[in-house]
Amino acid sequence: MVSTNSHFITGGVRSGKSAFAEQLVRQTAQQTNRQMYYIASGVAFDDEMKQRIAWHQADRTSLKWTTIEQPTHFATLVNRIPKDAVVLWDCVTTWLTNEMYVQLDDKSMQWQHAERFQQRVEEAKEWCRHLNEQHIPFFIVSNEVLDESKYESEEVEFYRQQIGLFHQWLVSFCAVAIEMDYGIPHYWKGGK
């Protein structure tokens with residue numbers, strides 16, 4: 001099923017993908033009289049990240065975004081978004097990393113348990129489907145990290161495989177797929 005309300009936006013670091021997605025969300029909110037919701041997946045692991053998150057939170061507050069900090073476990077989001085919302089999820093790559101490194105009771109990491117990890121991926125897909133069923137416009141941002149050669153590290157290679165598979169699913173799910181290069185959108189699927 002293709003979601004007519006969803007856009008997938010990817011690109012390299014500092015490619016302009018988040019700013020472009022935010023612009024699309026603002027336009028959609030203005031045209032449809034909807035509330036802007038920002039699903040933020042970032043986690044403050046160090047002082048620099050704490051400062052970046054604080055700056056982004058202040059910026060979104062001034063622009064009337066409702067921010068939901070959701071680094072993992074997207075099943076809890078299903079009933080938290082109203083029908084009159086337009087949603088931006090930034091970003092998939094951060095969320096996937098967070099899910100990989102959820103520490104379990106036995107001190108192992110979630111990525112080391114394929115079935116449990118896949119359950120979390122399926123929860124994210126189900127949340128995307130839920131937004132589509134509610135006719136909520138939805139913009140998904142991710143990083144393009146698959147242009148590099150294969151890694152020897154088992155966990156890095158696991159990540160590359162998982163992000164590649166999830167990106168494929170997102171592109172098939174979304175009506176529009178955009179890759180940002182130097183601030184310029186290239187439409188791979190759908191159009192302006």
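The values are calculated or read from the model by the stated rules, or taken from the named source; none is laboratory data. All figures in this text were calculated on a predicted structure; none of them were measured in a lab. Counting neighbours? That spans all protein chains shown, and the Cβs are built from the backbone with ideal geometry, glycine included. These accessible areas exclude ligands, DNA and RNA; they are computed on the full protein's heavy atoms, side chains included. Shrake-Rupley method; radii C 1.70, N 1.55, O 1.52, S 1.80 Å.
The table below gives the values:
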quantity	calculated
Residue count, region 72-82 (criterion: farther than 24 Å from residue 26 by Cβ and part of a loop (DSSP other than H, G, I, E, B))	4
Selection status of residue 86, in a helix (DSSP H, G or I), open to solvent by less than 80 Å² (accessible area, probe 1.4 Å) and β-branched (Val, Ile, Thr)	no
Hey, residue 81 crowded, with 17+ Cβ neighbours inside 10 Å and closer than 22 Å to residue 190 by Cα or not	no
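Let's see how each residue does on (1) open to solvent by 10 Å² or more (accessible area, probe 1.4 Å); (2) at positive phi:
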{"residue": "115", "(1), (2)": "yes, no"}
{"residue": "119", "(1), (2)": "yes, no"}
{"residue": "122", "(1), (2)": "yes, no"}
{"residue": "126", "(1), (2)": "yes, no"}
{"residue": "132", "(1), (2)": "yes, no"}
{"residue": "135", "(1), (2)": "yes, yes"}
{"residue": "144", "(1), (2)": "yes, no"}
{"residue": "156", "(1), (2)": "yes, no"}
{"residue": "173", "(1), (2)": "no, no"}
